[in-house]
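Colleague: To start, I am sharing the structure in question, which I have written as structure tokens.
We did not get these values from a lab; they are worked out from the coordinates using the rules stated. Worth saying up front: this structure is predicted, and the values here are computed from it rather than measured. Here the Cβ positions follow ideal geometry from the backbone for every residue, glycine too, while neighbour counts run over all protein chains shown.
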Amino acid sequence: MTETTPSDSPMDWIADHTRRYLDSGGTDGHIWYGIDGSFAQGAPTLLLTTRGRRSGKPRRTPLIYGRDGDDYVVVASKGGFPEHPLWYLNLLAHSEVELQVGTERFPAKARVTEPAEKARLGLTMTALWPDYDVYQSATDRDIPVS
């Protein structure tokens, strides 16, 4: 039997954000104001559901997103940690994902941007969440944009 209910992060603040997003049908939690509410302008967030690369089980993660035409853009920053976030490794293995953006849910196909596209989209994303530049300076890994 294939598991269909996604698992969420065990980190309290991420799980709380996801729960608010889901319980409200996407009307609460779509705009995120930071862990402590200090990001006054807020940033748009979506829920990304990937399939575990080893387990095959669905995993759900809230992420800040930007737009590039019809495409949704996310950054695999993991706050500048040296390793990629698990959701990113999962989408490398299984590019078919599900998104919830506000009240809308739909399937999508993820891809990693090419260097020139990443440079352009990186500017868009740091305009939404300036800490992305801080995260990149905190790590030697090249933070992917998808």
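Colleague: If you put +1 on each Lys and Arg Cβ and -1 on each Asp and Glu Cβ, how big is the dipole of the chain around its Cα centre, in Debye rounded to 20?
Modeller: Working: 16 positive and 20 negative charges, 90 e Å.
Dipole magnitude for the chain comes out near 440 debye.
Colleague: What shape does the chain have by the C-alpha gyration tensor, where a ≥ b ≥ c are the square roots of the eigenvalues, rounded means a/c under 1.5, and otherwise prolate means a/b greater than b/c and oblate the rest?
Modeller: rounded
Colleague: Using a cut-off of 26 Å between alpha-carbon atoms, which lysines can reach LYS118, once sequence neighbours fewer than 8 places away in the same chain are excluded?
Modeller: LYS78, LYS109
Colleague: Counting pairs of alpha carbon atoms under 8 Å apart in space and at least six apart in sequence, what relative contact order in percent does region 12-137 give?
Modeller: Relative contact order for region 12-137 comes out at 23 percent.
Colleague: Between LEU123 and ASP70, take the C-beta separation as r, use R0 = 22 Å, and let me know the FRET efficiency to the nearest 0.05.
Modeller: After rounding, the FRET efficiency stands at 0.70.
Colleague: Based solely on its DSSP helices, what 222 nm [θ] is calculated for the chain when runs of n ≥ 4 H residues each add -39,500 (n - 2.57) and the sum is averaged over all residues, nearest 500 deg cm²/dmol?
Modeller: -8500 deg cm²/dmol
Colleague: Which one of VAL75, VAL112, THR50 is farthest out on the positive end of the charge dipole of region 12-137, using unit charges on Cβ (Lys, Arg +1; Asp, Glu -1) and the Cα centre as origin?
Modeller: Of VAL75, VAL112, THR50, it is THR50.
Colleague: Using a Gaussian network model of the chain with C-alpha springs under 10 Å, which one of ASP28, ASP12, ASP131 is most mobile by mean-square fluctuation?
Modeller: Per the Cα network of the chain with a 10 Å cutoff, ASP12 tops the list.
Colleague: If you don't mind, another one. With a ≥ b ≥ c the root eigenvalues of the C-alpha gyration tensor of region 75-134, is it rounded (a/c under 1.5), prolate (a/b larger than b/c) or oblate?
Modeller: Working: a/c = 1.58, a/b = 1.33, b/c = 1.18.
Prolate, since a/c reaches 1.5 and a/b exceeds b/c.
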